[in-house]
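The values are calculated or read from the model by the stated rules, or taken from the named source; none is laboratory data. The structure presented is a predicted model; accordingly, all values stated were derived computationally and were not measured. Cβ: placed from backbone, ideal geometry, glycine included. Neighbour counts: every protein chain shown.
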Amino acid sequence: MATARSSSKNSGSSSPKPSSTFREMIPSTRIRVLRTVDSLRAWRKPHAVDQRIVGLVPTMGALHAGHLSLIRAAARESHEVVVSLYVNPAQFGVHEDLESYPQTWPTDCAALRQLDRELADDGSNLGRISAVFVPSTADMYPSGFPGQAVDSKGSFVSITPVGEVLEGASRPTFFRGVATVCLKLFNVVQPDRVYFGQKDVQQTVIIRKMVRDFLLPVDVQIGPTTREADGLALSSRNVYLGERRRKVATVLRRALRAAELQYVEGGARGREAILGAAQKVAADTLAEQMALALENRVTYEVDYISLSDPETMEELSEVDPKKGGILSGAVKMLPVEAPQPGEDLGHSGGPAVRLIDNIILEPSSTQGEDH
Ligand code: AMP
């Protein structure tokens, strides 16, 4: 847990020190913990004068190796790395998992401490983790939080039509929430570079478009997807899965790989041939599961499996090898049936978990997969 290294607020002294001397740090590190917009701005100011390159890695906390790989990338090319940890309510639908979203501040601090030591030992980095930004919703939404409903009124950034398809079709307020909070974070931190993961490919397309369309002076970097040994993309939400569903959760990755294989090795360019391979894996795996007894099986619903244009994310009927495409999908792992006594059902009793993943079909000169 972060603690105050020196405290001035409410210290009982007759002349309290100004609050600017209050320095909350992650213990045993030089990483500042900044909890307000004002404190972040005050931290940022001298770095502008000194022309230090500031890199920002936005996260919702519950840090895993995927987040850490983005922080490593940021440290390679930034003098000062800021990691934001903020569970932004605006990107959760009214019936989504905002209340149960994993909050793991002590382990997040431990992960950042360990990574910062690693960065200190590695001479090839330009910088290290300088600060974590952990703002409150009151600070991030100064006019009051506008609400999570689709028809909520407030100051929002909407990137359409790309924000309305695929993930946006299933989660109508999601990208509005993401773009809005990212613009706020960019305005507060004023980073030279921002780092996002390919894991959330539609998010990367939307952030790039927001940066272009709003003329934001920031360079967007995308890091590859970090995976478990069996191919499952790391996600803070994987903790909801529990043991039984975890074993089957690779179905989406396997489906997308089958589609990729059709394109890369089978020479297929048409939608049916490419996506047919993915749909077959998803259907065969479900059939295998349905043949099992209730207490052993896992069921899921395929939300979508898509082949889309890399810039607009509109569905493609055929891939132009010069442009490539994006294979992406979402699968909802349903709560297990007939849970057994003592069975590990996952965080919060193992609710339905929506998993997403993607593979980029690179343009012909650099054909390959994401890794
Ligand atoms: P989140 O905390 O889920 O909002 O994610 C914060 C950032 O980490 C986003 O840019 C994600 O795309 C990225 N990210 C999440 N999972 C992974 C992963 N498995 N590999 C690489 N980046 C990831």
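Taking the options T137, T104, name whichever one is within 13 Å of the ligand (Cβ to nearest atom) and hydroxyl-bearing (S, T, Y).
Values: T137 fails: within 13 Å of the ligand (Cβ to nearest atom).
Only one candidate passes the filter, namely T104.
Every residue, every condition in (1) in contact with a Phe, Trp or Tyr (Cβ under 6 Å, 6 or more places away or on another chain); (2) touching a residue at least 12 places away in the same chain (Cβ under 8 Å); (3) more than 19 Å from V353 (Cα to Cα), yes or no:
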position	(1), (2), (3)
K247	no, yes, no
V251	no, yes, no
L256	no, yes, no
V264	no, yes, yes
L292	no, no, yes
R297	no, yes, no
D309	no, yes, yes
E318	no, yes, yes
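In the set V49, V87, V54, only one residue is of a type in the set (V, I, T) and touching a Ser or Thr at 6+ places or on another chain (Cβ under 8 Å); that residue is V54. Which of the residues belonging to the stretch 48-65 are outside any loop (DSSP other than H, G, I, E, B), away from the ligand (no atom under 11 Å from the Cβ) and touching a His at 6+ places or on another chain (Cβ under 7 Å)? Across the stretch 48-65, the qualifying residue is only V54. I'd like to know if the stretch 188-198 contains one or more residues that are free of Cβ contacts under 8 Å to residues at least 40 places away in the same chain, under 21 Å from R76 (Cβ atoms), away from the ligand (no atom under 13 Å from the Cβ) and assigned to a helix (DSSP H, G or I). Checked against the condition, which is being free of Cβ contacts under 8 Å to residues at least 40 places away in the same chain, under 21 Å from R76 (Cβ atoms), away from the ligand (no atom under 13 Å from the Cβ) and assigned to a helix (DSSP H, G or I), the stretch 188-198 yields no hits at all. Number of residues in the stretch 154-167 that are touching a Gly at 6+ places or on another chain (Cβ under 8 Å) and loosely packed, with under 14 Cβ neighbours inside 10 Å equals 1. A single member of K184, K209 is within 13 Å of M140 (Cα to Cα) and free of Cβ contacts under 8 Å to residues at least 60 places away in the same chain, and it is K184. List pairs: first in the stretch 38-50 and among the hydrophobic types (A, V, I, L, M, F, W, C), second surrounded by 17 or more Cβ atoms within 10 Å (Cβ to Cβ) and part of a helix (DSSP H, G or I), Cβ under 8 Å, 6+ apart or cross-chain? Sorted first by the residue in the stretch 38-50, then by its partner, the pairs are L40/V188; L40/V189.
Conditions tested, residue by residue: (1) in contact with a strand residue (DSSP E or B) (Cβ under 9 Å, 6 or more places away or on another chain); (2) polar (S, T, N, Q); (3) assigned to a loop (DSSP other than H, G, I, E, B); (4) within 22 Å of D108 (Cα to Cα).
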position: D38; (1), (2), (3), (4): no, no, no, no
position: P46; (1), (2), (3), (4): no, no, no, no
position: H67; (1), (2), (3), (4): yes, no, no, yes
position: H95; (1), (2), (3), (4): no, no, yes, no
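Tallying residues that are acidic (D, E) and part of a loop (DSSP other than H, G, I, E, B) within the stretch 106-163 yields 2. Filter the stretch 119-142 for residues that are within 16 Å of V54 (Cβ to Cβ) and either among the hydroxyl-bearing types (S, T, Y) or touching a strand residue (DSSP E or B) at 6+ places or on another chain (Cβ under 7 Å) (or both) and give the result. Matches in the stretch 119-142: L119, G127, R128, I129, S130, A131, V132, F133.
Does A131 satisfy the criteria of being within 30 Å of T29 (Cα to Cα), at pLDDT 95 or above, small (G, A, S) and away from the ligand (no atom under 16 Å from the Cβ)?
Yes, satisfied.
In this structure, T180 does satisfy being among the polar types (S, T, N, Q), under 16 Å from Q91 (Cα atoms) and either within 15 Å of the ligand (Cβ to nearest atom) or not in a loop (DSSP other than H, G, I, E, B) (or both).
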